[in-house]
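Below you'll find the structure, written out as structure tokens, and then a few comments.
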Amino acid sequence: MTTDITEIAVLLAGKSHPHVNERVKREFRAIELGEGGLAALDEATRRSIRGAAVMTKVDAAFVDALPTLEIVASFGVGYDLVDAKYCASRNIMVTNTPDVLSEEVADTALGLLINTVRELPKAEAWLRAGRWKADGAYPLTPATLRGRRAGIFGLGRIGLAIARRLEALGLTVSYHNRRPVEGVGYEYHACLKEMAAAVDTLISVVPGGAATEKIVNAEIFEALGPDGIFINIGRGSTVDETALIAALSNGTIRAAGLDVFANEPNVPEALLALPNACLLPHVGSSTRHTRTAMADLVVDNLASWFSGGKAVTPVPETAALNGEKAP
Ligand code: NAP
Ligand code: 8YV
């Protein structure tokens, strides 16, 4: 018997990308989650839901409320909001959107690095405020990319794309992961603090979650030192923001460029007030091109799971479930 996948109930949870919504509505029986959340759905509807396209927290309570759930397709490569271990324990597949955004996010990381080091947003503000005419040239920047030694914290898909760009700019590159990456020539540091001490430019692109919570802390900023530049394009939860604000205020490090924050969209007033912090509103992947590719991958995962029993991009925690479902 072949299943007509347009009859399968798929939940749209969170502020999904419009292309996810359009495709899910066209290809499945879409159920939109209103402001009342899962509690507002009647029992029969909850019990019918077999898939979920999410951009929201998926915890044990969410999973337990949907007894026939088979797959959670999460928008974004980082899936720290999804309890993937719990899903695995319930035989529920979890997918994310890797690769399709790596080059875009790496571009943003490089833009953020250059803006931080060369103060380009502040130089543009100087021009727009009429100060070029009134006061003369923008002051020479104390920092330069010339001669910088970069350390990448999280040399994965995006980290590697950043490393290639840094090489092209003439920076030396080293990295820290829990394990060295095979076939990569960059110097490996087994310890984050050791790497921070060996470089002057620390670029973090590590996932969020318990293992990395506030892992970039006062000790790391001390090690990075007074000419240190810190860039975070990974997750805000990985940084002790209070320690970062102190390090930027008292000259422990020179400057920081941040695309991600601990409690988005709230950015601490103390960070906003710092002239040596270059701040972006989590725009790493945010082009129409890349967000559409991410949206397609969310729905392709659902379609592939329900038509062929195999997800396209399962997360490691649930990879063993792939192909185990009868189509
Ligand atoms: P990835 O390929 O899985 O790379 C993650 C890297 O981090 C791996 O090399 C991993 O190596 C390392 N790592 C993980 N946990 C670690 C730990 N506890 N200590 C040390 N190293 C650790 O992921 P990706 O596709 O490059 O994406 C990385 C992250 O970027 C995402 O999870 C997301 O949070 C963030 N992101 C942000 C934006 C944005 O808009 N700003 C956009 C996309 C992604 P080991 O496993 O060997 O440790
Ligand atoms: C997205 C991201 O901005 O993929 C990720 O992990 O952080 C970004 O690409 C986010 O997932 C959704 O807004």
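The values are calculated or read from the model by the stated rules, or taken from the named source; none is laboratory data. Values in this document were obtained by computation on a predicted structure and should not be read as measured data. No Cβ is skipped: glycine too gets one built from the backbone with ideal geometry, and neighbour counts run over all protein chains shown. With ligands, DNA and RNA removed, areas are computed over all heavy atoms of the protein, side chains included. Shrake-Rupley method; radii C 1.70, N 1.55, O 1.52, S 1.80 Å.
Here are a few things to note about the model shown:
- Alpha carbon centroid spacing (whole Å) that separates the stretch 1-80 from the stretch 217-273: 36
- Computed 3J(HN,Hα) for the stretch 280-294, one whole-Hz value per residue from the Karplus formula 6.51 cos²θ - 1.76 cosθ + 1.60 where θ = phi - 60°, is 10, x, 6, 10, x, 10, 8, 10, 4, 3, 6, 5, 5, 5, 5, glycine and proline marked x.
- From the C-alpha gyration tensor of the stretch 1-108, square roots of 5λ in Å: 23, 17, 14
- Positive dipole terminus of the chain, leading residue within TYR175, VAL117, LEU69 (C-beta point charges): VAL117
- Most mobile of GLY36, GLY234, GLY78 in a GNM of the chain (Cα contacts under 10 Å): GLY36
- Across the stretch 59-64, computed HN-Hα scalar couplings (Karplus, 6.51 cos²θ - 1.76 cosθ + 1.60, θ = phi - 60°) run 10, 4, 5, 4, 5, 5 Hz from first to last residue, x flagging Gly and Pro.
- For peptides 104-117, 175-188, sequence by mean Cβ density within 10 Å, most packed first: 104-117, 175-188
- Considering the chain, its Cα convex hull presents a mean projected area of 18.9 nm².
- Share of carbon and sulfur in the accessible area of the stretch 45-166 stands at 55%, probe radius 1.4 Å.
- About the Cα centre, charge dipole magnitude for the chain (Lys/Arg +1, Asp/Glu -1 at Cβ), debye: 560
- For the stretch 185-327, the convex hull drawn through the C-alpha positions has a volume of 151 cubic angstrom per residue.
- For the stretch 77-195, a Kirkwood hydrodynamic radius built from all Cα pairs, placed in the Stokes-Einstein relation at 4 °C and 1.567 mPa s, yields a translational diffusion coefficient of 75 µm²/s.
- Per-residue ³J(HN,Hα) for the stretch 164-180, Karplus 6.51 cos²θ - 1.76 cosθ + 1.60, θ = phi - 60°, Hz, x for Gly and Pro: 4, 5, 5, 4, 4, 7, x, 7, 7, 10, 9, 8, 10, 9, 5, 10, x
- Here, the stretch 258-327 has an Rg and a Dmax of 18.7, 57 Å when only alpha carbons are counted.
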